[in-house]
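One structure below.
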Amino acid sequence: MAKAAIDQDYLTHSDCTSLDHIPGTDGIPYFGSSLSTIYNLPTLLDRHFENWGEVSRIKILHQRGLLIQGEDNYQRIFLDTEKNFSTEMGYAESIGQFYRGGILMKDFGDHRTLRRMMQTAFKNAAMKNYVAIMNPVMQKNIDQWDQVDGFQFFPYIKETLLEIGAKVFIGIELGEEADRINKAFLDINDGLLGQLRKEIPGTRYNRGKQGERYLREYFAKEIPKRRGSDRQDAFTYVCNEKDENGDYYSDELIIPQGSFLLFAAHDTTTSLLNHLMYYTSIYPEWQDAMREECMALNKEFIDYEDLEKMTVLDNVLKETLRMRPSVPMHGRRTINECEMSGHRIPADTMIWIAPWHQHYNPEYWTDPQKFDPERFSPERAEYKNHSFCYHPFGGGAHKCIGLHFASMLTKTLMHQVLMKYNYSLPEDFEPRFEWAPLPKPSKLPIQWQRR
Ligand code: HEM
């Protein structure tokens, strides 16, 4: 069996030229199918499935590879009992360019070590502190939203989440330091979109690389200050965590996690909240149902213990992620040759997976095009129809470590929004869905009516 060296130079993987035996398309010259992944991902995914089935050839971001769909294939990839699917290699050409060393870009034993190290930042005690930190920040921001002329949801929620990220993940207040960190972080994310992958002054990629260096240096300098301190942000929790021998984890392991946590948390929750506001504006009966549940709690700020009582919001959130998953594509590379849906897949093949076809498969979901949060109720529980028909948070070893955090943030924020406002969209509003750099309905001109 052919085997690709996992420790080969980070960026020199095969360009997957040996995939001609698999049907599919290389797309248009130079761009491949990259533009469709940005402008019309669902159509691209459906077209591949209809034309070529669960496994098809595709070219994205100058990389040739395979688009894999289908619940059973996903079960195999996510659970990866054969240790055949590398995230480190799968993300090397995309987010690995700026977030190398981040937990998602580590495989197997190395990944397990990081997961153990980071788990401390997601324990109940930590989560309780985060709710308390978030509530006043949300209040200050949300309270101003109805004062803004020409309000659009995206820039305001982004700003709010950046402020929350600085406080909860790094433990810093708004000010020059937070501004510099947020700028570096936004430069990196913009750099991810740069087509020219060279450090040439003036390019997005170059600015992103400078941002990456800035953040690495920042987090390296912070580690000694955080050790032994009782600060209650995620980064400090990780700095203070000890391994099974009672020693602190090395700086080298910790540094990349600082910026990767910001990245993993920010766009994903921004996307979720944009879609959730969209659906609950156009289906006001769900807005009313969520509000009723919030009012029953009868308090200005919710506590951690209230989260599990918010079942309507929970179902709305889950249905939003079914219909519009925040992470629309994931990357892997095969380490060994394998077989999927009857196709031989060579070692070192780039593969893309997408939470889409499974989320709309009528075998598992009743009337899948309908926004129907009730399908997540215990009585219907349609997501249980297959272990991998619903996977907005991925699965297996790399399953989102922040999934409860995401739900907590969404519920805490929506509780305040719903208690303060009724909201709607203009009657003539026509959504246009975007897929990159993050999935969202473009321009959400929410209208607020203070309650
Ligand atoms: C709606 C919100 C979110 C969604 C849909 C989401 C989705 C995902 C997905 C699909 C993965 C797996 C990627 C893969 O297997 O290739 C993942 C991993 C990850 N997520 Fe999230 N995420 C969300 C929010 C968050 C938040 C708020 C945090 C941090 C507080 C976070 C931290 C992470 C981390 C650290 C990983 C890597 C885990 C590992 O490799 O072990 N995510 N997320």
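The values are calculated or read from the model by the stated rules, or taken from the named source; none is laboratory data. All values reported here derive from a predicted model rather than from experimental measurement. All Cβ positions, even for glycine, are placed from backbone atoms using ideal geometry, and neighbour counts span all protein chains on display. Accessible surface is based on the protein model in full, side chains and every heavy atom, while ligands, DNA and RNA are left aside. Shrake-Rupley method; radii C 1.70, N 1.55, O 1.52, S 1.80 Å.
Things worth noting here:
- Taking the criterion of being in a helix (DSSP H, G or I) and crowded, with 21+ Cβ neighbours inside 10 Å, the only residue of region 294-311 that qualifies is Cys294.
- Total residues in region 27-54, condition more than 22 Å from Asn73 (Cα to Cα) and open to solvent by 20 Å² or more (accessible area, probe 1.4 Å): 10
- Selection status of Ala354, of a type in the set (A, V, I, L, M, F, W, C) and surrounded by fewer than 22 Cβ atoms within 10 Å (Cβ to Cβ): no
- Filtered residue count, region 376-409, keeping only those that are within 23 Å of Val312 (Cβ to Cβ), under 20 Å from the mean Cα position of the chain (by Cα) and small (Gly, Ala, Ser): 3
- Region 71-122, residues that are surrounded by fewer than 20 Cβ atoms within 10 Å (Cβ to Cβ), over 16 Å from Ala264 (Cα atoms) and among the small types (Gly, Ala, Ser): Gly109
- The number of residues in region 321-348 being assigned to a loop (DSSP other than H, G, I, E, B), away from the ligand (no atom under 16 Å from the Cβ) and surrounded by fewer than 22 Cβ atoms within 10 Å (Cβ to Cβ) comes to 5.
- All positions within region 146-176 that are under 30 Å from Thr236 (Cα atoms) and in a loop (DSSP other than H, G, I, E, B): Gly171, Ile172, Glu173, Leu174, Gly175
- Taking first residues from region 308-337 that are farther than 27 Å from Asp80 by Cβ and acidic (Asp, Glu) and partners that are more than 9 Å from the ligand (Cβ to nearest atom) and assigned to a helix (DSSP H, G or I), the Cβ contacts under 8 Å between residues at least 6 apart in sequence or on separate chains come to Asp314/Phe376; Asp314/Lys411; Glu319/Tyr279; Glu319/Pro373; Glu319/Arg375; Glu319/Phe376.
- Looking across region 416-437 at every residue that is in a strand (DSSP E or B) and not polar (S, T, N, Q), the one that is surrounded by the fewest Cβ atoms within 10 Å (Cβ to Cβ) is identified as Phe433.
- Some residue of region 368-380 being open to solvent by less than 10 Å² (accessible area, probe 1.4 Å), modelled with pLDDT of 95 or more, farther than 21 Å from Glu54 by Cα and of a type in the set (Gly, Ala, Ser): yes
- Scope region 261-315; condition within 11 Å of the ligand (Cβ to nearest atom), more than 17 Å from Tyr423 (Cβ to Cβ) and of a type outside the set (Ser, Thr, Tyr); matching residues: Leu261, Leu262, Phe263, Ala264, Ala265, His266, Asp267
- Scanning region 231-260 for residues that are open to solvent by 20 Å² or more (accessible area, probe 1.4 Å) and within 16 Å of the ligand (Cβ to nearest atom) returns Gln232, Tyr237, Glu241, Leu253, Ile255.
- Enumeration of residues in region 357-377 that are in a loop (DSSP other than H, G, I, E, B) and among the charged types (D, E, K, R): Glu363, Asp367, Lys370, Asp372
- Note on region 393-451: among residues that are charged (D, E, K, R) and in contact with a strand residue (DSSP E or B) (Cβ under 8 Å, 6 or more places away or on another chain), the one that is nearest to Phe122 (Cα to Cα) is Lys440.
- When Leu444, Leu413 are screened for being away from the ligand (no atom under 16 Å from the Cβ), open to solvent by less than 10 Å² (accessible area, probe 1.4 Å) and touching a residue at least 12 places away in the same chain (Cβ under 8 Å), only Leu444 passes.
- Only one entry of Gly228, Gly194 meets the criterion of being surrounded by fewer than 16 Cβ atoms within 10 Å (Cβ to Cβ) and small (Gly, Ala, Ser), and that entry is Gly228.
- Within region 349-386, tally of residues that are within 15 Å of the ligand (Cβ to nearest atom) and more than 18 Å from Ser326 (Cβ to Cβ): 2
- Cβ separations smaller than 7 Å between residues 6+ apart or across chains give the following pairs from region 353-373 residues that are on the phi < 0 side of the Ramachandran plot to residues that are of a type in the set (Val, Ile, Thr) and within 16 Å of the ligand (Cβ to nearest atom): Ile353/Ile68; Ile353/Ile77; Pro373/Val316.
- Residues satisfying the stated conditions in region 378-415, i.e. hydroxyl-bearing (Ser, Thr, Tyr) and assigned to a loop (DSSP other than H, G, I, E, B): Ser387, Tyr390
- The C-beta contact set for region 81-101 (first residue under 15 Å from Ile353 (Cα atoms), second residue β-branched (Val, Ile, Thr) and part of a helix (DSSP H, G or I), distance under 6 angstrom, 6+ apart or interchain) comprises Phe85/Ile77.
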